[in-house]
């Protein structure tokens, strides 16, 4: 399969698309199973090509969209292209999406809203309704059917789970598994975007993640964690290996927060 065709087409806060070459250099060769417990745009999986893999995420519409892309890419694309670009069509599509049942129609609308919404953010109100405004002229280019079909072919080898990261790690932890872990950031005393689902990522979740990393390590599996350089990240790294990468934050809730930052990469193996 042409790897250039199989790349993540989702915009997602904190996506690692631009760091893909650096992360690929640091990944172990040929794991028996590649696992992402925080799927998001799954940029690393799509960039590394077809392989036995598992994606988990607590965001139900996201995982449903991957499932329908895998099983019914044509109908997903048909729904995606049913609305034109523009503010008025966007808000009509958003209203329909919020009343739509799971299926290829809702997943196509999910892709449409993701391409056109402000900064590629996924955010819902207390009722669970997607409420991100129209992104204006900066919206992403349209998706072709070939894009969705390429993603569909790759996803044939991927197990998809709508569940908490802890359950995904527990389910797929084995000695030859490799976990790429890119969680939402919890940083005390500083505003970060964490609203990927109804329940923001919390300090307790960070503690649970630290416990899960110890479980992976004890099982003889490997992991790579990507996290903003913060006191929390340094505590998370503990005895494991860490290095720093420079990253340009392109997606955030506020335009004036876009800047270069330092990303910590934590591994339990030598790189």
Just wondering, is there one or more residues in the stretch 165-174 that are closer than 21 Å to residue 223 by Cβ, at pLDDT below 95 and touching a strand residue (DSSP E or B) at 6+ places or on another chain (Cβ under 9 Å)? no
Per the filter on the stretch 125-149, residues in contact with a helix residue (DSSP H, G or I) (Cβ under 9 Å, 6 or more places away or on another chain) and either part of a helix (DSSP H, G or I) or buried (at least 17 other Cβ atoms within 10 Å of the Cβ) (or both) are 130, 132, 134, 135, 136, 138, 139, 143, 145, 147, 148, 149
Can you confirm whether residue 159 is surrounded by fewer than 16 Cβ atoms within 10 Å (Cβ to Cβ), modelled with pLDDT of 95 or more, outside any helix (DSSP H, G or I) and within 20 Å of the chain's Cα centre (by Cα)? yes
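Residues checked against (1) under 21 Å from the mean Cα position of the chain (by Cα); (2) closer than 20 Å to residue 46 by Cβ; (3) without any contact (Cβ under 8 Å) to a residue 24 or more places away in the chain:
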| site | (1), (2), (3) |
| --- | --- |
| 90 | no, no, no |
| 101 | no, no, yes |
| 106 | yes, no, no |
| 110 | yes, yes, no |
| 119 | yes, no, no |
| 122 | yes, yes, no |
| 140 | yes, yes, no |
Check the stretch 51-59 and report whether any residue there is under 20 Å from residue 269 (Cβ atoms) and surrounded by fewer than 17 Cβ atoms within 10 Å (Cβ to Cβ). yes
Name, by its number, the condition in (1) within 28 Å of residue 181 (Cα to Cα); (2) not in a helix (DSSP H, G or I) that does not hold for residue 18. (2)
Can you spot a residue in the stretch 86-99 that is touching a helix residue (DSSP H, G or I) at 6+ places or on another chain (Cβ under 8 Å) and outside any helix (DSSP H, G or I)? no
Return a yes/no flag: does the stretch 131-139 have any residue that is closer than 30 Å to residue 232 by Cβ, in the same structural domain as residue 82 (by the TED database) and at pLDDT 95 or above. yes
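Which helices (runs of 4 or more DSSP H) does the stretch 32-85 wholly contain that include 1 or more residues that are at pLDDT 95 or above and not assigned by the TED database to the domain that holds residue 115?
60-71
The values are calculated or read from the model by the stated rules, or taken from the named source; none is laboratory data. Worth saying up front: this structure is predicted, and the values here are computed from it rather than measured. Backbone-built Cβ (ideal geometry, glycine too); neighbour counts: all protein chains shown.
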